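See below for the structure under consideration.
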Amino acid sequence: MTTPPPGPRRGALALLASTQLLLIMDTAIVNVALPSVGEDLGSGADGLSWVANAYLITFGGLLLLGGRVADLLGHRRVFLGGLGLLAVASAAGGLAPGADALVAARAAQGVGAALAAAAAFALLLLLFPDGPARHKALGAFAAMGGLGGVLGTVLGGVLTDLLGWRATFWLNVLLAAVLAALAVRVLAPRTGAAFRGGFDLTGALTATAGLGLVAYALVGGAGAGWLSARTLGAGGAGLALLLAFAAVETRAAAPLVPPSVLARPALRLANGLAALAQTTLFPMFFLVSLYLQSVLGYAPLGGGLGLLPLSLVVVAVAPQTGRIIFRIGLHRAMTLGFVLLCAGTLWLALALTPDGTFASTVLAPSLLLGAALPLVMVTTNVAATAEAAPEETGLASGLVNTGQQFGSVLGLAVLVAVATSRTGDTAGAGAAAPAAAATAGFRAALLTGAAFAAVAALLSVRLHLPERAAAPEDRVPDPY
């Protein structure tokens, strides 16, 4: 594929980064609306949890398959198909007559999001060669991801208050339709054209079912109990299917994930580090918002706005990440990011008090975390995709996105479980507990997140890309 000139690439980057913003925002915006959903549809806490979980399960379970399908069918085609499915499923959610229909719509949304996310990331890898240009593009992705969580929280509160919870789904329909229309104009028909190759149906079925069951066990474990028959059964079945998938891949003529790809040490470590980053980052957003509301007494909108300074730092630092990588090297920039992530999370945990204020507890450490987020996200994505050949871009996208998604799910499940173990409040990690007990729970959860970040910082020292993959970093000029 011929790389387009800088002008069209800027338009494509704006489109793909906006898609990332939409997909991250979609998770947060619905979470804010859940209490109103329960009142309107008469659903209890368990039913409401699956409105959120159905999306996470299908999204996480289908990212790997979506990336490989994009390689085989064409990245632009799969990107448009994913946005179309997301719009249709969102409309179904906006019209849902009951909780069961809404859960089904959310599951379909996750399918569309997985296809769109995997294809969008693969298109970015194809449009921007490894080096400063790609680093800058990945910085834009990181910035949009940071904004997405905050915008979702803020818009969720505003739309639910003014127009009702169904408006959050119709906003998705509008934005997905706009992005699809722009994609037809911005992405040339041959952008991300399909590559020849067979399709490993057995591998696709075992991988998708295995990942889906593991995600089901992770998101359901906190509510049903980690040692419940349902959780253990789903987790065991998922792991068995993933082992079957590994065996299938060694014999398949056209494997979904060629064993030679997973044999790359740098790729394995980078994907693991990407997962560890999200294990700390994703639950941190949730816990901070909950602390501001349940302990400091902020309204949902105020809880979302409390994350705005962090997001502004992300937007400021993300475009500079490429320069930092150029000056100190990829693995040093990655280690710096994880050290800042560990320090910021530790600082935040120790700063929380039952009678504090936003300025005295959350503000300063959140600014440090805002600097850490783009560093860890960009560097792990660069390392995870540096060795990908053009015909492997969808696969590389699926692998790193799967790692990040499962890191988010695992981190949220583990850190919320740690928090509730200190408060005894399984419904809301301290929402009804006394302020002191709730604060102790949040502190314990954040200390656990800091430990994950510390492990990642130590492991990042071992990351070394092969010369072929690392060389362009110093030689490719920045087209901007």
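The values are calculated or read from the model by the stated rules, or taken from the named source; none is laboratory data. All figures in this text were calculated on a predicted structure; none of them were measured in a lab. A quick note on method: Cβ atoms are made from the backbone with ideal geometry, for glycine too, and the neighbour counts reach across all protein chains shown. The protein model used for the area step is the full one, side chains on, heavy atoms only, and it has no ligands, DNA or RNA in it. Shrake-Rupley method; radii C 1.70, N 1.55, O 1.52, S 1.80 Å.
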- request: Could you list all residues from segment 70-95 that are open to solvent by less than 30 Å² (accessible area, probe 1.4 Å) and under 14 Å from L395 (Cβ atoms)?
  value: A70, D71, H75, V78
query: Can A108 be described as part of a helix (DSSP H, G or I), of a type in the set (G, A, S) and crowded, with 24+ Cβ neighbours inside 10 Å?
result: no
Filtered residue count, segment 159-172, keeping only those that are modelled with pLDDT under 85 and open to solvent by 50 Å² or more (accessible area, probe 1.4 Å): 2
- line: Expected output for segment 396-413 (first residue farther than 16 Å from L281 by Cβ, partner part of a helix (DSSP H, G or I) and charged (D, E, K, R), Cβ below 8 Å, 6+ apart or cross-chain) is G398/R68
field: Matching entry among L375, L368 (being assigned to a helix (DSSP H, G or I) and either open to solvent by less than 10 Å² (accessible area, probe 1.4 Å) or closer than 26 Å to A116 by Cβ (or both))
entry: L375
Single residue of E387, E391 found to be acidic (D, E), in contact with a helix residue (DSSP H, G or I) (Cβ under 8 Å, 6 or more places away or on another chain), part of a helix (DSSP H, G or I) and in contact (Cβ under 8 Å) with a residue 60 or more places away in the chain: E391
message: Can you tell me how many residues within segment 124-169 are in a loop (DSSP other than H, G, I, E, B) and of a type in the set (G, A, S)?
response: 2
- prompt: Inside segment 248-300, can you point out the residues that are basic (K, R) and assigned to a helix (DSSP H, G or I)?
  reply: R268
field: The lone exception for A181 - which of (1) touching a residue at least 24 places away in the same chain (Cβ under 8 Å); (2) part of a helix (DSSP H, G or I); (3) over 23 Å from the mean Cα position of the chain (by Cα) it fails
entry: (1)
